[in-house]
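K.L.:
One structure follows; several queries about it will come next.
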There are 2 protein chains.
Amino acid sequence: MTAASAAPTLYRRLAADYSLAMEMGTLKAGERMPSVRELMRRHEVSLSTALQTLRHLEDLGQLEARPRVGYFVRDARPAGLAPASEPDLSQPVQPLPQQHFAGINEHISLMLERGRQADVQVDLGGATPPPELFDRGYLNQAAARLLREQPDLLVLGRSMMGSHPDFQRAMARRALAAGIHVAPADVLATTGNSEAVSLALAAVASPGDVVAVESPTYYGLLQVVESLQMQALEIPCSPRTGLSLEALELALQTQPRLKAVVVVPELQMPLGTRIPDEHKARLVELCAAHGVALIEDDSYGLFVESSQPVRPIKAWDRLPGHVIYCEAFNKSMAPGLRQGWMNAGQWHGRVQMLKFARSRGTQTLAQLLAAACVGSPAHLRNLQRLKQQLRRQREGMAQLVARFFPLGTRLSLPPGGLSLWLELPAGVSTSALFTQALARGIRTAPGSMFSNSGRYEHCMRLGCTLPVDGVVEQACRDLGAMACAQLGQPARHG
Amino acid sequence: MTAASAAPTLYRRLAADYSLAMEMGTLKAGERMPSVRELMRRHEVSLSTALQTLRHLEDLGQLEARPRVGYFVRDARPAGLAPASEPDLSQPVQPLPQQHFAGINEHISLMLERGRQADVQVDLGGATPPPELFDRGYLNQAAARLLREQPDLLVLGRSMMGSHPDFQRAMARRALAAGIHVAPADVLATTGNSEAVSLALAAVASPGDVVAVESPTYYGLLQVVESLQMQALEIPCSPRTGLSLEALELALQTQPRLKAVVVVPELQMPLGTRIPDEHKARLVELCAAHGVALIEDDSYGLFVESSQPVRPIKAWDRLPGHVIYCEAFNKSMAPGLRQGWMNAGQWHGRVQMLKFARSRGTQTLAQLLAAACVGSPAHLRNLQRLKQQLRRQREGMAQLVARFFPLGTRLSLPPGGLSLWLELPAGVSTSALFTQALARGIRTAPGSMFSNSGRYEHCMRLGCTLPVDGVVEQACRDLGAMACAQLGQPARHG
């Protein structure tokens with residue numbers, strides 16, 4: 001989550017207004033922004049504020065400066081690439097029959113294992129930033145300081161008892177800044193978000209129950225649902241607004257065993273969707289009305305590139321608390337730390353009990369390290385740098401897709417995050433592409449990993465964690481050529 | 001596990017022989033050991049070997065030296081305290097009805113929570129060594145060195161993919177030294193043994209299935225079983241030989257849903273039993289014959305005080321592997337690290353998949369730290385010191401029980417470990433004692449936490465993690481007086 005500062009500075013407020021205008025289409029890509037002078041006059045602000053506004057929007061990638069001409073609304077999407085398509089809502093939404101469902105865990109494990117065993121030269125399948133993108137210095141210093149100042153840390157049994165009070169307070173403060181009211185005692189430290197979501201599901205549903213998930217969704221979630229012997233109900237997602245509220249409402253009315261809804265509200269994996277605030281509010285209402293748990297996996301809120309504050313769904317929650325909020329710092333701070341936290345609303349006691357039964361507490365050192373670093377200037381600087389680098393990489397990858405992938409390929413170009421979602425023309429099998437590419441040392445993530453429905457065989461997630469250099473360009477050229485060959489088309493030469 | 005050195009030195013072999021003779025009763029408590037001269041003559045050994053033999057047995061607490069007289073077989077059990085009683089095998093062994101069973105998790109959570117909330121002055125309920133008993137220096141140095149030599153450790157995403165190869169190799173070497181053949185790739189890093197046992201159960205059994213456990217057993221296991229919606233079948237345990245093989249065999253024959261047996265073979269918690277080798281072999285045979293998983297929780301093997309090598313049950317296992325071996329270093333090396341590992345035999349693939357679905361990998365830093373420290377001289381020295389200190393504390397606590405607890409109290413005095421198991425006279429309620437004692441700042445662990453059967457209401461686990469000083473003596477005096485009062489007897493004055 002991004003802390004919504006109590007009083008945003010003037011230039012940030014102004015930038016947020018223009019940002020919104022661009023997102024709503026009031027200002028379109030390629031259009032000219034008001035000049036410095038116009039901004040000063042229109043909004044009665046100083047020269048410095050007007051300049052800061054424009055530079056801030058440029059930093060966010062929403063404007064581009066053309067020297068001596070002015071600022072223009074930037075279009076990061078390469079020409080010729082349509083956005084990912086809207087789902088077909090005419091199909092009935094039903095849980096897949098058990099026999100169809102069983103095995104996604106093995107399928108995914110197999111794909112991951114094949115990727116691990118192969119001699120991978122270019123990894124376009126992953127969505128974790130490589131170590132070079134992190135400032136490890138401040139983390140290592142903080143770790144060394146903690147061990148020096150609290151020499152008993154590794155030999156203290158307290159961690160067996162759960163969450164550390166310092167970590168709990170730090171997370172409760174974060175939550176408050178994002179509009180969530182959580183008592184420190186209700187913060188539960190977790191091993192990343194996988195554990196949090198798994199605990200949440202185990203707390204609110206039983207084997208045989210139905211869990212509504214986004215379609216397509218992160219494969220890890222499908223694994224958790226199957227490993228708990230629950231059934232995933234895939235709700236169609238719009239790349240613009242996230243899961244279809246109509247389809248969800250119908251499911252809530254017709255599926256008596258539906259016990260939980262899991263969403264990634266910001267930069268949904270793999271579509272990259274941000275759920276609009278009105279939808280967030282409606283989601284909370286719907287779930288509360290049906291007495292169903294809404295599990296919010298906020299893995300990517302910190303990666304959103306926007307001048308407007310990011311508001312977690314949990315901020316709309318009311319007592320007794322139907323939203324289970326989960327946040328992790330794996331991707332934004334330290335993948336090796338595996339630190340996350342959750343607040344389980346009315347299910348807090350049950351989640352705490354399950355966590356204790358499963359693995360006792362979470363290592364104290366990792367908790368204290370995350371607490372010490374999460375709001376630190378060094379971390380915020382690194383996050384800023386990380387986001388800018390990822391934007392360059394996403395846009396660079398999108399250009400390569402436009403140049404080399406078959407004509408008619410569509411893609412989502414999300415406002416932040418670690419990957420793109422591609423829809424190739426019908427007829428392409430990304431499972432076959434996975435095998436072909438792996439033989440050439442290129443790892444990809446085919447659509448079949450992100451759903452049980454078989455609907456995404458022509459889709460794939462394209463990781464954007466690498467700098468776009470000659471090696472990555474060649475890999476995309478190869479991938480594109482293989483996809484063209486599947487369609488019986490000649491390779492494109494960009 | 002204790003590494004069984006390939007070629008034990010002569011004095012160790014001799015000591016092992018005498019040790020066995022004492023355990024079998026050939027040499028009884030209070031009897032005189034052969035003198036140095038006799039040993040030299042009988043076994044044709046040097047003066048130095050004879051002396052080393054005697055000193056080694058003294059170090060292990062099995063002999064005591066009486067100056068100018070000689071060595072005598074030591075009896076650590078205070079006069080007047082009978083050993084814990086044998087189980088009543090005439091009762092049928094059946095899974096408890098579901099309604100009786102449900103709620104142990106809540107009961108235990110409540111007891112633990114009450115202990116946490118109270119103003120505890122003397123903790124006689126826990127079984128984790130306090131930080132003072134650990135040498136934190138070598139651990140902190142090793143952690144600092146790791147972060148210096150591998151500065152990317154905290155920002156590397158590799159840990160998300162599971163177990164670190166260095167950790168896997170280190171554990172496979174440990175296993176080999178104990179007579180277990182495990183390929184490094186089949187070592188799975190876990191967050192302590194709670195996670196390992198929980199994963200093992202989830203891999204081999206489903207909700208509604210039956211799990212055979214020792215009775216009494218560690219409350220954490222009862223929590224895991226209930227949280228997985230399985231049913232615990234409590235198998236009576238002899239304090240001398242562990243779970244009744246007859247009762248287990250009957251259960252295997254009559255319970256079609258029995259899918260797993262969980263045992264703590266060394267210093268069983270809470271009885272302190274060591275399962276004899278013949279029983280270990282028979283256990284493996286029985287489980288293999290019925291196609292049932294045998295889950296071995298080796299949390300305390302490292303704490304055994306014996307001159308003879310400790311052999312895990314897994315050493316008797318044959319392909320395809322019916323024994324799931326779990327070891328943790330929480331209690332022996334660093335409670336704050338929460339590091340453990342497991343080998344799941346034929347269920348390895350499934351356990352790995354479940355682990356990935358639940359929480360991805362285990363933090364790399366903790367894995368590497370455990371790998372670096374576990375066989376180090378500093379760790380072995382600390383372990384030796386820890387064991388000697390714990391022996392003093394166990395024996396000191398046993399003396400206090402003999403002085404202050406009601407006449408007729410029985411106790412197990414195990415050859416190692418962190419606690420004693422007391423059986424108070426019928427009529428004492430240790431649940432009531434828990435409440436009374438907590439009000440005086442003394443935390444205890446009543447028998448009701450260690451079983452679902454209601455059989456141990458007059459029993460309790462007495463933690464021996466504190467040095468026996470005036471404060472602990474007063475706490476035991478108070479506990480004893482409260483128990484006497486429950487029986488309508490006057491307090492004893494020791």
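K.L.:
Failed condition for B:LEU222, given (1) within 14 Å of chain A (Cβ to nearest Cβ); (2) crowded, with 21+ Cβ neighbours inside 10 Å; (3) assigned to a loop (DSSP other than H, G, I, E, B), with all others met?
P.N.:
Looking at each condition in turn, B:LEU222 falls short on (3).
K.L.:
Next up: Can you tell which of A:GLY162, A:GLY192, A:GLY208 is assigned by the TED database to the domain that holds A:VAL292, surrounded by fewer than 23 Cβ atoms within 10 Å (Cβ to Cβ), in contact with a Gly (Cβ under 8 Å, 6 or more places away or on another chain) and of a type outside the set (Asp, Glu)?
P.N.:
One residue alone meets the criteria, A:GLY162.
K.L.:
Taking the conditions exactly as written (in contact (Cβ under 8 Å) with a residue 60 or more places away in the chain, part of a loop (DSSP other than H, G, I, E, B) and closer than 14 Å to B:GLN121 by Cα), does B:LEU479 satisfy them or not? Show your work before the answer.
P.N.:
On the way: in contact (Cβ under 8 Å) with a residue 60 or more places away in the chain: yes; part of a loop (DSSP other than H, G, I, E, B): no; closer than 14 Å to B:GLN121 by Cα: yes.
No, not satisfied.
K.L.:
Inspect segment A:443-462 for any residue being at pLDDT 95 or above, surrounded by fewer than 22 Cβ atoms within 10 Å (Cβ to Cβ) and farther than 22 Å from A:CYS237 by Cβ and give the result as yes or no.
P.N.:
No, the conditions are met nowhere in segment A:443-462.
K.L.:
Within segment B:132-144, can one find any residue that is facing chain A (nearest Cβ under 7 Å) and touching a Gly at 6+ places or on another chain (Cβ under 6 Å)?
P.N.:
No.
K.L.:
Here is a list: B:ALA79, B:ALA7, B:ALA16. Which entry is outside any helix (DSSP H, G or I), within 26 Å of B:GLY179 (Cβ to Cβ) and either at pLDDT 90 or above or under 29 Å from the mean Cα position of the chain (by Cα) (or both)?
P.N.:
It is B:ALA7.
K.L.:
Based on this model, can you work out whether A:ARG55 counts as surrounded by 14 or more Cβ atoms within 10 Å (Cβ to Cβ), of a type in the set (Lys, Arg) and either touching a Lys or Arg at 6+ places or on another chain (Cβ under 9 Å) or in a helix (DSSP H, G or I) (or both)?
P.N.:
Here the answer is yes, as A:ARG55 does meet what is asked.
K.L.:
Do you know which of the residues in segment B:463-476 that are in contact (Cβ under 8 Å) with a residue 40 or more places away in the chain and part of a loop (DSSP other than H, G, I, E, B) is surrounded by the most Cβ atoms within 10 Å (Cβ to Cβ)?
P.N.:
Looking at the filtered set, the residue picked out is B:CYS464.
K.L.:
May I pose another question? I'd like to check something: does segment A:104-117 contain any residue that is at the interface with chain B (Cβ under 10 Å from one of its Cβ atoms), under 28 Å from the mean Cα position of the chain (by Cα), modelled with pLDDT of 85 or more and farther than 23 Å from A:SER419 by Cα?
P.N.:
Looking through segment A:104-117, none of the residues is at the interface with chain B (Cβ under 10 Å from one of its Cβ atoms), under 28 Å from the mean Cα position of the chain (by Cα), modelled with pLDDT of 85 or more and farther than 23 Å from A:SER419 by Cα.
K.L.:
Return the only residue of B:ARG338, B:ARG385 being under 23 Å from the mean Cα position of the chain (by Cα) and within 30 Å of A:GLN229 (Cα to Cα). Give the derivation first.
P.N.:
Numbers: B:ARG385 fails: within 30 Å of A:GLN229 (Cα to Cα).
Residue meeting the stated conditions: B:ARG338.
K.L.:
Mind checking whether some residue in segment A:254-265 is in contact (Cβ under 8 Å) with a residue 60 or more places away in the chain, crowded, with 22+ Cβ neighbours inside 10 Å and in a loop (DSSP other than H, G, I, E, B)? Reasoning before the result, please.
P.N.:
Just the residues of segment A:254-265 that are in contact (Cβ under 8 Å) with a residue 60 or more places away in the chain, to begin with: A:255, A:260, A:262.
Pick out the ones that are also crowded, with 22+ Cβ neighbours inside 10 Å and you get A:260, A:262.
Those still in the list that are in a loop (DSSP other than H, G, I, E, B) too: none.
So far as segment A:254-265 goes, no, none of its residues is in contact (Cβ under 8 Å) with a residue 60 or more places away in the chain, crowded, with 22+ Cβ neighbours inside 10 Å and in a loop (DSSP other than H, G, I, E, B).
K.L.:
Oh, and also: Of the residues A:GLU285, A:GLU214, which is at pLDDT 95 or above, charged (D, E, K, R) and crowded, with 19+ Cβ neighbours inside 10 Å?
P.N.:
Testing whether each residue is at pLDDT 95 or above, charged (D, E, K, R) and crowded, with 19+ Cβ neighbours inside 10 Å leaves just A:GLU214.
K.L.:
Return the only residue of B:LEU319, B:LEU271 being more than 26 Å from A:GLN363 (Cα to Cα), modelled with pLDDT of 95 or more and not small (Gly, Ala, Ser). First the steps, then the outcome.
P.N.:
Details: B:LEU319 fails: modelled with pLDDT of 95 or more.
Exactly one of B:LEU319, B:LEU271 is more than 26 Å from A:GLN363 (Cα to Cα), modelled with pLDDT of 95 or more and not small (Gly, Ala, Ser), namely B:LEU271.
K.L.:
Of everything in segment A:112-153, what is in a loop (DSSP other than H, G, I, E, B), among the charged types (D, E, K, R) and either over 20 Å from A:ALA372 (Cβ atoms) or touching a residue at least 40 places away in the same chain (Cβ under 8 Å) (or both)? Give them in sequence order.
P.N.:
The answer is A:ASP119, A:ASP135.
K.L.:
Being part of a loop (DSSP other than H, G, I, E, B) and either outside the structural domain of B:ARG311 (by the TED database) or aliphatic (A, V, I, L, M) (or both) is the filter here, so list the residues in segment B:174-188 that pass it.
P.N.:
Correct list: B:ALA178, B:ILE180, B:VAL182, B:ALA183, B:VAL187.
The values are calculated or read from the model by the stated rules, or taken from the named source; none is laboratory data. Worth saying up front: this structure is predicted, and the values here are computed from it rather than measured. We place every Cβ from the backbone using ideal geometry, glycine too, and count neighbours over all the protein chains shown.
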